Amino acid sequence: MIKKPFLGFGKPRLDYAGVEGLGQGEVKDIPLPGRAVLFVEAPHPTVNDVSFQVGDEIKTGQNLKVSPFSKTTFTSTVTGAITDISKKTGYLGKTFLSVGIDVSETDQWDDAFSPAVQTPELEKAGLYLNGLPGISNIDALAHPETPLKTIVVNGMDKDLLVTTQQMVVKSQADDLKEGIDYLKKITGNPKVILVVPPDLSEEAAKSGAQVETITPSYPNSLPEMIMKNVLNQVVPAGMDCSSLGVGFINAEGVAALKSVITDGKPPVTKLVTVIGKNENTQMIRVRIGTPIKAVLSALEIPLEQGDRLVIGGPMTGRSIYTEDMPVLQDTDAIMVQGKDQLALNADDPCVNCGECIRACPVRIPVNMLVRLLENSQYEEAAKEYDLLSCIECGLCSYVCEAKIPVFHYIMLGKYELSLMEEAEENVNG
Ligand code: SF4
Ligand code: SF4
């Protein structure tokens with residue numbers, strides 16, 4: 001249970017959930033859905049001429065090119081017939097192609113997958129590996145201009161109450177070992193560090209990687225905190241870890257590579273922590289593409305008018321408006337909050353209590369920042385109050401006395417700034 005600290009008594013200490021006492025037997029398998037939906041991140045203009053159509057039969061593990069004019073591909077996680085293809089826009093303007101599939105009860109595996117990944121190059125393998133559980137974009141490991149020196153395999157979960165990545169470390173150490181060996185091969189043999197909480201250090205050592213432990217206290221598992229606390233490097237504002245030669249990947253993504261290498265098949269299921277009302281959590285294994293509605297129904301979690309459905313954990317998760325949203329390759333958690341548990345935001349003015357500044361791990365003057373963001377002064381917010389140093393932990397919103405949705409303002413500010421930069425680049429050619 002997360003409890004709000006007494007305000008004025010300093011920084012809140014929020015501990016991550018652990019997997020002590022959780023065994024593989026406690027992972028519940030969710031049945032194959034009758035209908036699956038695959039989301040593929042792709043700019044909308046490139047999906048005007050998709051390479052497939054409604055009625056096409058596709059196989060499990062089949063790699064499909066989105067359009068003849070784009071490099072984007074995706075791997076089907078089910079066998080069946082395509083029933084609909086549409087464009088969608090998601091969080092912060094991300095554009096997707098949505099492919100609905102009537103699922104056959106029996107999988108027919110596509111056998112072109114195996115030889116395709118036996119390539120020693122990240123770029124070529126990435127076409128097939130993007131979209132595997134835990135891997136949304138393997139190409140992002142390496143920066144286009146900075147050589148990859150270190151890979152950090154994150155065996156910690158990003159948010160509170162979530163245990164997905166820790167469960168992988170606890171139960172799939174052998175798979176992690178094989179995955180790490182393959183990853184090194186396709187990325188030019190960088191150093192690999194596996195980051196885990198102290199209680200998983202023994203299991204983690206079986207992976208053969210250099211193991212580093214971190215105090216399981218939020219937000220220590222975020223990449224920028226791992227950079228600072230484990231690698232002694234500070235990520236400059238507006239830059240990401242890959243620009244310093246450090247690539248991050250989740251433990252689940254690395255373990256998933258084992259199935260690719262030894263079985264020649266892409267893994268098609270995802271481990272997900274489901275956080276029910278009253279913070280009851282359970283771990284499930286579910287086919288990627290399964291609508292969340294089917295997951296909640298299998299777990300007998302009812303949704304009532306006014307309840308909130310969230311993808312992710314309590315600090316950084318995002319509310320969604322429909323249960324038809326599918327489980328994606330990076331869906332580590334699904335959370336249901338009962339309408340009586342919701343911490344509602346308000347539009348009260350800032351009372352200058354200073355709690356947000358005390359809680360912020362990067363010492364941003366959040367009280368000043370939020371004033372500019374509330375008035376849509378995004379460039380000034382970046383210039384004067386360090387908007388781009390924010391590591392997106394959400395602690396400022398959590399502690400805000402006036403219940404200002406500070407984190408939402410920050411994410412909106414970053415998004416608006418990225419649009420401005422894009423527009424400027426387009427103007428400058
Ligand atoms: S989300 Fe808030 S507390 Fe966290 S780093 Fe950003 S400004 Fe600081
Ligand atoms: S933004 Fe919220 S937490 Fe920060 S000083 Fe204002 S009222 Fe306090």
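Quick look at the numbers
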| quantity | calculated |
| --- | --- |
| Enumeration of residues in region 56-82 that are part of a loop (DSSP other than H, G, I, E, B) and in contact with a Phe, Trp or Tyr (Cβ under 9 Å, 6 or more places away or on another chain) | K59, G61, Q62, V66, T79 |
| Identity of the residue in region 218-241, over 25 Å from A381 (Cβ atoms) and under 19 Å from the mean Cα position of the chain (by Cα), that ends up surrounded by the most Cβ atoms within 10 Å (Cβ to Cβ) | S221 |
| Residue that is over 22 Å from N220 (Cα atoms) and either without any contact (Cβ under 8 Å) to a residue 12 or more places away in the chain or among the charged types (D, E, K, R) (or both), where the choices are D332, D324 | D324 |
| All positions within region 274-290 that are touching an Asp or Glu at 6+ places or on another chain (Cβ under 9 Å), under 13 Å from Q329 (Cα atoms) and surrounded by 20 or more Cβ atoms within 10 Å (Cβ to Cβ) | V286 |
| Residue that is over 27 Å from D102 (Cα atoms) and under 25 Å from the mean Cα position of the chain (by Cα), where the choices are M368, M325, M335, M315 | M315 |
| Residue, nearest to P349 (Cα to Cα), within region 398-416, restricted to residues that are within 14 Å of ligand 1 (Cβ to nearest atom) and of a type in the set (A, V, I, L, M) | I404 |
| Selected residue [surrounded by fewer than 17 Cβ atoms within 10 Å (Cβ to Cβ), in a helix (DSSP H, G or I) and either modelled with pLDDT under 90 or not assigned by TED's automatic domain parsing to the domain that holds Q172 (or both)] from G25, G18 | G25 |
| Residue under evaluation D332, criteria (1) within 14 Å of ligand 1 (Cβ to nearest atom); (2) surrounded by 16 or more Cβ atoms within 10 Å (Cβ to Cβ), criterion not met | (1) |
| Complete set of residues in region 272-328 that are among the hydrophobic types (A, V, I, L, M, F, W, C) and either in a loop (DSSP other than H, G, I, E, B) or farther than 23 Å from G134 by Cβ (or both) | I288, L299, I301, L303, M315, M325, V327, L328 |
| So T262, is it in a loop (DSSP other than H, G, I, E, B) and more than 16 Å from ligand 2 (Cβ to nearest atom) | no |
| Considering residues of region 303-321 that are in contact with an Asp or Glu (Cβ under 8 Å, 6 or more places away or on another chain) and in contact (Cβ under 8 Å) with a residue 40 or more places away in the chain only, the residue farthest from Y398 (Cα to Cα) | G312 |
| Failed criterion for L342 (all others in (1) more than 16 Å from ligand 1 (Cβ to nearest atom); (2) closer than 14 Å to V274 by Cα hold) | (2) |
| Residues located in region 418-429, provided they are assigned to a helix (DSSP H, G or I) and either within 14 Å of ligand 1 (Cβ to nearest atom) or farther than 25 Å from L222 by Cα (or both) | M420, E421, E422, A423, E424, E425, N426, V427 |
| Among the residues listed as V366, V370, the single one being near ligand 2 (Cβ under 9 Å from one of its atoms) and within 23 Å of N229 (Cβ to Cβ) | V366 |
| Yes/no for N367 being part of a helix (DSSP H, G or I), out of contact with any Phe, Trp or Tyr (no Cβ under 7 Å at 6 or more places or on another chain), polar (S, T, N, Q) and within 16 Å of ligand 1 (Cβ to nearest atom) | yes |
| Residue within region 371-382 that is outside the structural domain of P223 (by TED's automatic domain parsing), crowded, with 22+ Cβ neighbours inside 10 Å and over 30 Å from M167 (Cα atoms) present | yes |
| Region 392-418, residues that are away from ligand 2 (no atom under 13 Å from the Cβ) and under 16 Å from A359 (Cβ atoms) | E392, C393 |
| Given (1) farther than 28 Å from N220 by Cβ; (2) surrounded by fewer than 23 Cβ atoms within 10 Å (Cβ to Cβ), number of the condition V260 does not satisfy | (2) |
| Those residues of region 187-209 which are crowded, with 21+ Cβ neighbours inside 10 Å and modelled with pLDDT of 95 or more, in sequence order | V192, L194, V195, V196, P197, L200, A204 |
| Residue list for region 347-363, filter: near ligand 2 (Cβ under 8 Å from one of its atoms), outside any helix (DSSP H, G or I) and surrounded by 15 or more Cβ atoms within 10 Å (Cβ to Cβ) | C350, C353, G354 |
| Subset of region 64-87 that is charged (D, E, K, R) and under 21 Å from I135 (Cβ atoms) - its residue that is modelled with the lowest pLDDT | K71 |
| Failed item in (1) within 16 Å of Y409 (Cβ to Cβ); (2) more than 9 Å from ligand 1 (Cβ to nearest atom); (3) part of a helix (DSSP H, G or I), with K383 passing the rest | (1) |
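The values are calculated or read from the model by the stated rules, or taken from the named source; none is laboratory data. Everything quoted here is computed from the prediction, not taken from an experiment. In this analysis, Cβ positions are derived from the backbone assuming ideal geometry, glycine residues included, and neighbour counts consider all displayed protein chains.
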